[in-house]
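See below for the structure under consideration.
The values are calculated or read from the model by the stated rules, or taken from the named source; none is laboratory data. Predicted model, so just to flag it, every value in this text is computed and none were measured. Positions of Cβ are backbone-derived with ideal geometry, glycine not excepted, and every protein chain shown enters the neighbour counts.
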Amino acid sequence: MRFAWRVLLGSLHHQRLRLSIAALAMALGSALVSGLLNLSGDIGSQVGRELRAYGANLVIRPREQSARLGSGGLEFGAATAAQTLVEADLERVNQVEGVIDYVPSLYAVVQLEQRPVVLAGVGLAAARSLNPWWQVLGRWPATDDEVLAGARAAEALGIKPGEAVSVSYGDQIRTVRMVGVLETGGAEDEQIITGLRAAQTLTAQPGRVGLVMVSALASDRSLEAIARDLQAALPQAEVRTLAQFAQAEATVLNKVRLLIGLVAALVLLAGALTVAGTLHIIVMERRTEIGLMKALGANDRRVAGLFLVEALSIGAAGGLVGYLAGLALAIGIGQRVFQTTIAPAAWAPPGTLLIALGVALLASLLPVQRALAVDPVKTLRGE
Amino acid sequence: MSESIVRTVKLSRTYGELRALDGVDLEVARGEWLSVMGPSGSGKTTLLNILGGLDRPTGGQLFVDGTEVTSLAPKDLARFRRETVGLVFQQFHLVPYLTALENVMLAQYFHSMADEAEARAALEAVGLDERLRHLPAQLSGGEQQRVCIARALINQPKIILADEPTGNLDAANEEIVLDIFRRLHAQGHTLIVVTHDARVGRLADRLITLEHGCVVRAESNGHDRRRLVVPEVAYAFH
C-alpha cells in the first residue's frame, strides 16, 4: 500500500500542472456548491427575515369577533371590543418555535373632536420593529397621551403634528397630543395609533387585547405548523395564517434555491467536462505506461484503480479548495446582501467533498474505460 | 532432449490479410538461449508478443511450462505475464516519474508485494547500486536497459523475453548488457532474444530465422554452456 502511494504521488507530481487546472475547474463548481450549502442553511432564515419586512404572517384573534379590523392592507373583520384576549396569555406566543415577535393591539371606535375614528392601541416597539416600512412624519409616541394619526385620518380630521385633540370613548374623555403622521399604505392610514396601554385605559379594558399580529419564520417549519402550535398554546383564540405571505415566501425561497442550484449544476458539469477532458489527455499521453503496466501483469482493477484514485485526488483537492472559496462566498453574500454573518453549515464540508468526489468519479469513467482498452502490443511498439 | 519449457504448435497470427505468423512449430528447452532473427516484418516481435502473453494467436497453440496459454482467460493471461515471463524492451519503457528502484518495485507490486531490499539487490546485480534513486531521464541508455533487465528478473520468471535489447545501445553498453545475458544464461535462465544483430544472435545456443511468419532456418551455435537442444522446427519456405 505504501508503494501504491509512492506511485500515485509520483504520478500526481509528474502531471501537476494539468491536474491543477482540472482541480481548479472542480474547485469552481465546488465553490458554488459550498456556497449554496452554506447559504441554504441560513438563506431560508435570511430571506424569511427579509420577507418579514413586509409584516406579520399570522393573526391571533378572539374566537368570535364582529369588528372591522385591519393591518397592512388586510381586512380581518369588524371590531366591537366585545371579545378580547387576555394580554398575559400572550407570553405563550413567544415560546412557540418559529415566532420572531408579535404586535398586540386593541381596537376601538372613538370620537375624535366629535368625529368617529378607529383608535388602534398597539405595542409600539414591536410594531416599529416588525413594520420597518412604516413612515412617520414627526416622531413616535413616547407617552400614553401621545398618538400618531394615519395620513388619511390626519387629512380628514385636519390635524397636524403637535396639536392636542380630545378623544372620547363612552363617558371617558382624554386629551392627547398628535406627535406624528403615520403612512403605511394600509388600514393604519385611516386610524389613530396609540400605545396599547393608553387604549386599554381609555376603553377600560386593562390587560386585554383584541388582535395579535404574529411574525413567524417559516423557513425551517411550515407556517401551518407554527399556527397549529400557537392554536394549541391559545385554545381560546383563533389563529390564522396570512396565506399570501406564506405563499410568496415559499415561492421566493424556492426560486432562490433553484437558481443557485442550477448555476451550481452547470458549473459542476463544466468542471466534470474539464476533468474528463484532462484525464482523457492524460490517458492518451500515458498509453505507453499503461501498456507497460499491462505487460508487467497489472490487471484491469489495478490500472483502473490508478486513474480512479487520480480522479478522486482531483475531486478532493477541488472539493477542499472549493469548500473554502464557497464559504468565503457565502459569508460575502451574507454580509453584502443580508447584512448578517453566515455561520458555516456543519454538513457543507462533507456535502461539498462528496459531490466533488462523485462528479470527479463520474467524469473519470470514460477515460478509465479508454485506459482499460489500451493494447500493450500497439503502445509498446509506439503506435 | 532436455525438457521443453516453451512449445508452439502451428502458431499463427493474422492481421486482416497479413499473415504475421504462419504455422510456427517451436520448442525451447529450459535454460536454453534462443535467438530469433529475420528481416523487418518477418514476425519476430509478433512471436515474442504471443510468447509473452501480450498478444493472442489466431491459430495454433502455445504451451509454456505445461500451461496452454492460448486458452487462458484475460485475467489468467495477466497472471501469466506477471508470474511467468520477464520482458526486456528495446525502448526500455521505464516509468518516467519513478526512480530506478521504484521501476523495479513496480513489477513486484503488480506481482505480489513491493520489496525494496530485493529490488535494490536486483539493481546491484546489474551494477546500478549507485543509481538507485535516479529517474530514468538521469540514466544513460545502457543504465536504463539494465533497470529494465532488473525489472524483468525481479519476479524470477520462468522465461526472459527480450526484444532487440541492444538495439538502442552504444557498443560499450551493448557489451555490458550482453554480459548480463551471458551470466543469466549461465545461471540457468531461459532466454528468448529477438535481434537484428548477428553478433548477438551468435551468442545464443540456437538461432532461428523467420521470414514471412515462418521459421526458415534453425541452427545451433555449438557453444551451449549448459546443453545443446536440437530444434524441432517446421521448415517452410514461401
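General observations
- Condition broken by A:V283, with the remaining ones in (1) buried (at least 16 other Cβ atoms within 10 Å of the Cβ); (2) not in a helix (DSSP H, G or I) satisfied: (2)
- Among the residues of the range A:270-326, those that are hydroxyl-bearing (S, T, Y) and under 18 Å from A:H13 (Cβ atoms) comprise A:T278, A:S313.
- Qualifying residue in the range A:310-331 (condition: farther than 29 Å from B:D163 by Cα and of a type in the set (D, E)): yes
- Under the condition of being over 23 Å from A:D101 (Cα atoms) and part of a loop (DSSP other than H, G, I, E, B), the residues counted in the range A:126-162 number 6.
- The set of residues in the range B:138-156 that are part of a helix (DSSP H, G or I) and closer than 23 Å to A:A298 by Cβ comprises B:Q144, B:Q145, B:R146, B:V147, B:C148, B:I149, B:A150, B:R151, B:A152, B:L153.
- Within the range A:1-28, residues that are more than 9 Å from chain B (Cβ to nearest Cβ) and among the β-branched types (V, I, T) have Cβ atoms under 9 Å from residues that are surrounded by 16 or more Cβ atoms within 10 Å (Cβ to Cβ) and part of a helix (DSSP H, G or I) in these pairs: A:I21/A:T274; A:I21/A:T278, counting only partners at least 6 apart in sequence or on another chain.
- Being surrounded by 15 or more Cβ atoms within 10 Å (Cβ to Cβ), within 39 Å of the chain's Cα centre (by Cα) and outside any loop (DSSP other than H, G, I, E, B) holds for only one residue in A:V165, A:V110, A:V103, and it is A:V103.
- Among the residues of the range A:298-307, those identified as among the aliphatic types (A, V, I, L, M), assigned to a helix (DSSP H, G or I) and crowded, with 19+ Cβ neighbours inside 10 Å are A:V303, A:L306.
- None of A:L329, A:L380 is touching a helix residue (DSSP H, G or I) at 6+ places or on another chain (Cβ under 6 Å) and within 14 Å of chain B (Cβ to nearest Cβ) except A:L380.
- No other residue among A:E183, A:E190 is at pLDDT below 90, within 16 Å of A:Y107 (Cβ to Cβ) and not hydroxyl-bearing (S, T, Y) apart from A:E190.
- Just one of the listed residues (B:F63, B:F110, B:F89) is within 11 Å of another protein chain (Cβ to nearest Cβ), aromatic (F, W, Y), crowded, with 16+ Cβ neighbours inside 10 Å and touching a strand residue (DSSP E or B) at 6+ places or on another chain (Cβ under 9 Å), namely B:F89.
- So B:E68, is it in contact with a Lys or Arg (Cβ under 9 Å, 6 or more places away or on another chain), acidic (D, E) and away from chain A (no Cβ under 14 Å): no
- Annotation for the range A:338-348: no member residue is in a loop (DSSP other than H, G, I, E, B) and within 14 Å of chain B (Cβ to nearest Cβ).
- Every condition in (1) buried (at least 23 other Cβ atoms within 10 Å of the Cβ); (2) among the β-branched types (V, I, T); (3) in contact (Cβ under 8 Å) with a residue 24 or more places away in the chain is met by B:V69 except one, and the failing one is (3).
- Test: residue in the range B:15-35 that is within 30 Å of A:R301 (Cβ to Cβ) and crowded, with 20+ Cβ neighbours inside 10 Å: no
- Criterion (at pLDDT below 90, over 27 Å from B:L18 (Cβ atoms) and either touching a Gly at 6+ places or on another chain (Cβ under 8 Å) or not in a loop (DSSP other than H, G, I, E, B) (or both)) met by exactly one of B:R199, B:R225: B:R199
- When the criteria are applied in full, B:F80 fails the requirement of being of a type in the set (F, W, Y), without any contact (Cβ under 8 Å) to a residue 60 or more places away in the chain and more than 12 Å from chain A (Cβ to nearest Cβ).
- Residues considered: A:L357, A:L365. Of these, the only one that is away from chain B (no Cβ under 14 Å), under 18 Å from A:L273 (Cα atoms) and without any contact (Cβ under 8 Å) to a residue 12 or more places away in the chain is A:L365.
- Check on A:L202, surrounded by 14 or more Cβ atoms within 10 Å (Cβ to Cβ), at pLDDT below 90 and under 17 Å from A:G123 (Cβ atoms): yes
- Residues (assigned to a helix (DSSP H, G or I) and exposed (fewer than 15 other Cβ atoms within 10 Å of the Cβ)) located in the range B:119-130: B:A121, B:E124
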